[in-house]
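The values are calculated or read from the model by the stated rules, or taken from the named source; none is laboratory data. Computed from a prediction, not measured in an experiment: that's the story for all the values here. Cβ sites come from the backbone with ideal geometry, for glycine too, and all protein chains shown count toward neighbours. Remember, those area values only see protein heavy atoms, side chains included, never the ligands or the DNA or RNA. Shrake-Rupley method; radii C 1.70, N 1.55, O 1.52, S 1.80 Å.
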Amino acid sequence: MIEPVPMKSADVIVVGAGLAGLTAAAEAADAGRSVLLLDQEPEQSLGGQAFWSLGGLFLVDSPEQRRMGIKDSHELALQDWMGSAQFDRDEDHWPRQWAEAYVDFAAGEKRSWLHEMGHRIFPVVGWAERGDGRAEGHGNSVPRFHLTWGTGPGVVAPFERRVREHADAGRIVFCFRHRVDELVVESGAVVGVRGRVLEPSDIERGKASSRVETDDFELRGQAVIVTSGGIGGNHDLVRKSWPARLGAPPKTMVAGVPAHVDGRMIGITEAAGARVINPDRMWHYVEGLRNWDPIWDNHGIRILPGPSSLWLDATGKRLPAPYFPGFDTLGTLAHLRTTGHDYSWFVLTQKIIEKEFALSGSEQNPDITGKDIKLLLSRVRPGAPGPIEAFKQHGEDFVVADTLAELVAGMNRVGDPGLISEESLRSLIEKRDREIDNPYGKDAQITAMHGARNYRGDKLIRVATPHKMLDPKAGPLIAVRLNILTRKTLGGLETDLSGRCLTSSGEPLPGLYAAGEVNGFGGGGMHGYNALEGTFLGGCLFSGRTAGRAAAAACG
């Protein structure tokens, strides 16, 4: 049975107990305010999507970077951010200001703030979203992906601890299984929330929980902070929001988030008078696998690839530069939407998969999630990590073969039949392999592979030694069908630099704040059109901290 909420009002109401909500609630309680923290899911889902994440954080000129010989700066990071965001709309006024403030945070107190709470970082810095090949364009000029020691749960833990300490002291009250259906507006100000209490659920984290209603509720507060997440679990809404610049929306996608990431609160908040901007900006991956051991329905896992796999469309045509693995997510997505198919292929070798494949998600990285040094050291020994080998053996998207003829037969069996020609694929691979004979050449992908290995971290654990794919010593051959994977909403509720929701006239809607994915991680879309990776968790932290502090300060 759901315990009755012991108080019907508080200084601050936070809607959503993900990372942004935990951060906002902790900051408001730190300021001495009483807080009601609501979520439609049960307590076991505390932390939301951050729990499932790899735990990557975007940091600038960090000690970890300097130890790896990486020369980074605020100026270079801001150049990369603005080149990726490509802000070009009138409504980008606040997103641009949030972007500048976030880069300041990432180059400033972000690391020390987290470190003081016990957060720790894996020493090798990753190089995600390597870009579109232009200094002024999209992408990270240097490695900036700092992996949390403990992955997503390691990011959540300090904020959950802070919130539970406040709950023990009576400053925060949890309201699980409370689904908000309406914001209460009186005299032009948001003064509370209304909704329905859902029946108790002991469902495993990530599984779909019951929607059986048992009661209604109305809670009052001087400030309401919406931190309810994005739309990635609602594929109908994803397709409705899909922009023409990315081609036709896919008929088939895999889900990178559970079903309760449904975007309901965006519409509810908009109905109360808040403005939604940039709903067509979104971030979906093109390297999705169907999880052979799913947690939620249609569960997809992303491959975080190194740069060596040969990337083909569904018909076997090689993707053009700069659409190499790990370089330009949305550019690759837009290209693939012109092919008429909802999937593409990686073709690689055992030697590549052992060094270059990682999987997103805390549950796919038990060594780092569990802070298990002994298990971590197994990554440098021969063989792919255990989760990778499990997908290779059990995943429906994998084809493993000793000969190219067998590989092509498997690709035509797993994908649409008859699309891959052995003769064409052999010719393509042989031409690629001739370029391996020299440490230079005209193949841009091979040049990029050699360039990546100039970075110590990539050479150590991320990029395989360049080799010929048809060399039997590097085998077996592997093909991986790649599905489109839904993930992040880059637009959302427009907010000023205090996290206050704005109306269509540009004025703050009194009493209403937003943070996290529901407001595009800041302002209504601080990423613009593209993300630099490691910026979603950090965006939740920064916007949650900002909104929590501002809401607390506004309470009389």
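Data overview
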read-out: When residues of the range 228-270 are limited to those that are free of Cβ contacts under 8 Å to residues at least 60 places away in the same chain and of a type in the set (A, V, I, L, M, F, W, C), the one nearest to TRP52 (Cα to Cα); value: ALA259
read-out: ILE225, sole failed condition from (1) open to solvent by 70 Å² or more (accessible area, probe 1.4 Å); (2) within 21 Å of GLY48 (Cβ to Cβ); value: (1)
read-out: Those residues of the range 355-378 which are of a type in the set (D, E, K, R) and either surrounded by fewer than 18 Cβ atoms within 10 Å (Cβ to Cβ) or touching a Gly at 6+ places or on another chain (Cβ under 6 Å) (or both), in sequence order; value: GLU356, LYS371, ASP372, LYS374
read-out: Any hit, the range 345-359, residues being outside any helix (DSSP H, G or I), among the small types (Gly, Ala, Ser) and within 20 Å of the chain's Cα centre (by Cα); value: yes
read-out: Any hit, the range 112-122, residues being under 29 Å from GLY331 (Cα atoms) and of a type in the set (A, V, I, L, M); value: no
read-out: Matching residues, the range 427-443, being surrounded by fewer than 15 Cβ atoms within 10 Å (Cβ to Cβ) and either in contact with a helix residue (DSSP H, G or I) (Cβ under 6 Å, 6 or more places away or on another chain) or farther than 28 Å from THR403 by Cβ (or both); value: PRO439, TYR440, GLY441, LYS442
read-out: Test result for ARG549, touching a residue at least 40 places away in the same chain (Cβ under 8 Å), out of contact with any helix residue (DSSP H, G or I) (no Cβ under 6 Å at 6 or more places or on another chain) and open to solvent by 20 Å² or more (accessible area, probe 1.4 Å); value: no
read-out: Qualifying residue in the range 125-147 (condition: of a type outside the set (S, T, N, Q), assigned to a helix (DSSP H, G or I) and either open to solvent by 30 Å² or more (accessible area, probe 1.4 Å) or at pLDDT below 95 (or both)); value: no
read-out: Criterion (under 19 Å from the mean Cα position of the chain (by Cα), over 20 Å from LEU419 (Cβ atoms) and not in a strand (DSSP E or B)) met by exactly one of ALA321, ALA334; value: ALA334
read-out: From the options ALA248, ALA271, residue that is of a type in the set (A, V, I, L, M, F, W, C), open to solvent by 30 Å² or more (accessible area, probe 1.4 Å) and either touching a helix residue (DSSP H, G or I) at 6+ places or on another chain (Cβ under 6 Å) or over 17 Å from VAL518 (Cα atoms) (or both); value: ALA248
read-out: Filter result for the condition that a residue is open to solvent by less than 10 Å² (accessible area, probe 1.4 Å), touching a helix residue (DSSP H, G or I) at 6+ places or on another chain (Cβ under 9 Å) and of a type in the set (Gly, Ala, Ser), over GLY511, GLY457, GLY475, GLY499; value: GLY499
read-out: Index of the failed condition, ASP80 passing every other in (1) open to solvent by 50 Å² or more (accessible area, probe 1.4 Å); (2) of a type in the set (D, E, K, R); (3) more than 17 Å from VAL180 (Cβ to Cβ); value: (1)
read-out: Per-region count, the range 168-201, residues in contact with a strand residue (DSSP E or B) (Cβ under 7 Å, 6 or more places away or on another chain) and either farther than 23 Å from ASP216 by Cα or acidic (Asp, Glu) (or both); value: 5
read-out: So LEU407, is it touching a residue at least 60 places away in the same chain (Cβ under 8 Å) and assigned to a helix (DSSP H, G or I); value: yes
